[in-house]
There are 2 protein chains.
Amino acid sequence: MGRHREFDVEKVLDAALCVFWRKGYEGTSYADLTEAAGVERPALYSAFGNKEALFRKALDRYSERYLDYIPEALKLPTSRQVAAHILYNAVDLNTRHPDHTGCLGINGAVAGSDETEPVRQALIDFRAAGQAQLHERFERAKAEGDLPETANTEALAAFVMAMTHGMAVQAKAGFSRDMLNAVADQALSTWPTKSS
Amino acid sequence: MGRHREFDVEKVLDAALCVFWRKGYEGTSYADLTEAAGVERPALYSAFGNKEALFRKALDRYSERYLDYIPEALKLPTSRQVAAHILYNAVDLNTRHPDHTGCLGINGAVAGSDETEPVRQALIDFRAAGQAQLHERFERAKAEGDLPETANTEALAAFVMAMTHGMAVQAKAGFSRDMLNAVADQALSTWPTKSS
DNA sequence: CCAATTTCATAATGGTCGTTATTAAACCAC
DNA sequence: GTGGTTTAATAACGACCATTATGAAATTGG
C-alpha cells in the first residue's frame, strides 16, 4: 500500500550512469543528476541511497550493460584472440557514444579529493578484477601451449589493461575510432607466439 | 618600494604542483593549497592569479622540471630507443614519488564538471603536443630508413602515448615499478624494424 | 470512505567551494 | 621619520555542494 513510484528505476540509473560516464564521480552534481534523470533529489536518495551508493550501482550496471564483451573474449580459443576482442571492443565502446566517450572505469575517477577516495578505490578494484580474469586466462593459455613457457602472463594482462586505459584517455580527448583501432593494431603486433 | 614578498614563489609553485599531481585539478581546494604551500589564499591569488592560472603555471613547471626526458629521448639515434627512453622514464616518474604517483597530465583531469572544461582541454593540448613531437620524430625515422616505409608513424606515436597514459593510471592505482617496467617491455617487444 | 502508508515537490540545512574586502604590518624614497 | 606603496592575515562574500525536513498528493487495506 501507499503511493506508487512514478519513475522507472532502471531508466533513472541509466541516466545517472551516462552523467557519471561523462563528468566522472567528483564532477557530477545532484543538479546534473536530477536534470538528466528528470527526477528530484529526494527520489534519488530514497531509491539508491547517497551519491556514492548511486555511483556504485551505476558501475554495476555499466558492467552488465556494456562490458559483456569481456566474458565473451575470455571464451575465445587463443590468447591473441582474447586480447584482440577486448581491445577492439574497448575502442568501439569508447567511441560509440559521442556524449560520453571513454570509459567509466577511467573517467569515474583517477585522482580526486580525499572524500572521493572510496570511489577511487572501488574503481581500482573494478579494474583489477578485469585484469585478474585476463591473467587467469593467459595462465590457461600458457598451460595449453598457446603462450610460450617464458611468457609473463601477469605483465601481459597488465599490458592489455594499460592499452585499454590509455585508449580510454585518448577517446575522452576526442581521438577518432580509426586512430584508436590503429593503436590497437600496434598493440597486438607485439603479441608473443608459441614458436618464438 | 613597498613591502617585500615573504615566500619563495617557486617553492610555493612546487607545493601547488604536488597537490594538483596527487588530487587533480577539481579535487584540489584552496584549503589544500594553502596548507601545502604555507601561504594564505590572497597571496596565492596575487602571485599566480586564480585556480586555473595557478594550475597552468604548475603544468608549465611540471614540463620543465619533470619531463626533460622527452627532448632527451627525441635526440636518440633510433625510434626504438626513443620509445624505450620515454616509456622507462615515464615509469620512473610515475613511481618515484610515493605521495604523488602517476602523471599530472592524466591525474590533472580526464573527466570533470563543465567548469573544469578549460583545464581539461589544456591537458588534452598538452598531451597532444608530446604526441606531435613523437610523430615528427618517427617521420624522420622513416625518412632515415630506421622505420619501414609501411609504418604508420601517427599510430605509433599514439601507441607510445597510450602506453604512458595507461601506465600512469596503473601507477596511480598503486602498481609497482617492476610491474610497470614489465608492461613497458611488452610494449617494446615487437617494435617495427626496417627489415620486416 | 477512512486511515495508514508511501512517494512526491519544495525548500531548507550546514558545510565547503573559489574569490575578495578589509585592515594591519613592512618596506622604500624622500 | 614620514608618506606612499606593497604584502600579510583575518574574515567575509555569494554560490554551490550533498543531504534531508516538511507537508501535500496518491494509493490500498479495512
Query raised in the report: Can you give the direction-averaged projected area of the convex hull of the alpha-carbon atoms in the stretch A:22-133, in nm²?
Result: 7.6 nm²
Report summary line: Measuring from its Cα centre, chain B shows a charge dipole (+1 at each Lys and Arg Cβ, -1 at each Asp and Glu Cβ) which, in debye to the nearest 20, is 160 debye
**Report entry** Rg [Å, one decimal], Dmax [Å, integer] - the stretch B:67-188, C-alpha atoms
**Finding:** 14.9, 47
Query raised in the report: So how much slack lies between B:Ser63 and B:Arg96, counting 0.36 nm per residue of separation and subtracting their Cα-Cα distance, in nm?
Result: 10.3 nm
Report task. Compute the accessible area per residue over the protein assembly as shown, keeping the other protein chains in place, probe 1.4 Å, unit Å². Result -> 45 Å²
Query raised in the report: How much length, in nm to one decimal, is gained on full extension between A:Glu136 and A:Ala31, taken as 0.36 nm per residue of separation minus their Cα-Cα distance?
Result: 33.6 nm
**Report entry** Given charges at beta-carbon only (K, R positive; D, E negative), |dipole| of the stretch B:9-62 in Debye
**Finding:** 80 debye
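So for B:Lys51, B:Lys75, what's the accessible-area order with a 1.4 Å probe, most first?
Working: B:Lys51 45, B:Lys75 165 Å².
Greatest to least solvent exposure: B:Lys75, B:Lys51.
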Query - For the stretch B:9-62, diffusion coefficient by Stokes-Einstein and Kirkwood Rh (Cα), 25 °C, 0.890 mPa s, µm²/s - result: 233 µm²/s
Report summary line: About its Cα centre, the stretch A:17-109 carries a charge dipole, from +1 on Lys and Arg Cβ atoms and -1 on Asp and Glu Cβ atoms, whose size in debye to the nearest 20 is 180 debye
Requested in this report: Report which residues of the stretch B:83-116 become buried by 10 Å² or more of accessible surface when going from the isolated chain to the complete set of protein chains (1.4 Å probe; DNA, RNA and ligands ignored).
Outcome: B:Ile106, B:Asn107, B:Val110, B:Ala111, B:Gly112, B:Ser113, B:Asp114
Report summary line: For the stretch A:14-83, whose charge dipole is built from +1 on Lys and Arg Cβ atoms and -1 on Asp and Glu Cβ atoms, the candidate among A:Thr28, A:Leu76, A:Ala15 with its Cα farthest towards the positive end is A:Leu76
Requested in this report: Would you be so kind as to identify which of A:Pro118, A:Ala151, A:Ser63 lies farthest towards the positive end of the dipole of chain A, taking Lys and Arg as +1 and Asp and Glu as -1 on Cβ and the Cα centre as origin?
Outcome: A:Ser63
Query - Helix-only mean residue ellipticity at 222 nm for chain A, each DSSP H run of n ≥ 4 adding -39500 (n - 2.57), per residue, nearest 500 - result: -22500 deg cm²/dmol
**Report entry** Paramagnetic label zone (point 7 Å from Cα along Cα-to-C-beta, B:Ser46; backbone N under 18 Å) in the stretch B:1-25
**Finding:** B:1-13
Query - Dipole of the protein assembly as shown [Lys/Arg +1, Asp/Glu -1 at C-beta], most positive-end residue of B:His165, B:Thr95, B:Phe138 - result: B:Phe138
Report task. Considering the convex hull of the alpha carbon atoms of the protein assembly as shown, report its projected area averaged over all viewing directions, in nm², one decimal. Result -> 23.1 nm²
**Report entry** Net charge of Cβ neighbours under 13 Å - reference B:Glu40; Lys, Arg +1; Asp, Glu -1
**Finding:** 0
Query - B:Ser176 paired with B:Arg56, simple spin-label distance in nm, labels 7 Å along Cα-to-beta-carbon - result: 4.3 nm
Report task. Apply 1/(1 + (r/R0)^6) to the Cβ-Cβ distance of B:Asp185 and B:Glu115, taking R0 = 35 Å, and write down the FRET efficiency to the nearest 0.05. Result -> 0.30
Report task. Could you tell me which helices of chain A pass both thresholds, a Cα extent of 24 Å or more along their own axis and a mean Kyte-Doolittle hydropathy of at least -0.5, with helices taken as whole DSSP H runs? Result -> A:79-96, A:153-172
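The values are calculated or read from the model by the stated rules, or taken from the named source; none is laboratory data. Only a predicted model underlies this, so the values are computations on that prediction, with no experimental measurement involved. Neighbour counts are summed over all protein chains in view; Cβ atoms, including those assigned to glycine, are modelled from backbone coordinates with ideal geometry. These area figures cover heavy atoms from the full protein model, side chains too; ligands, DNA and RNA do not enter into them. Shrake-Rupley method; radii C 1.70, N 1.55, O 1.52, S 1.80 Å.
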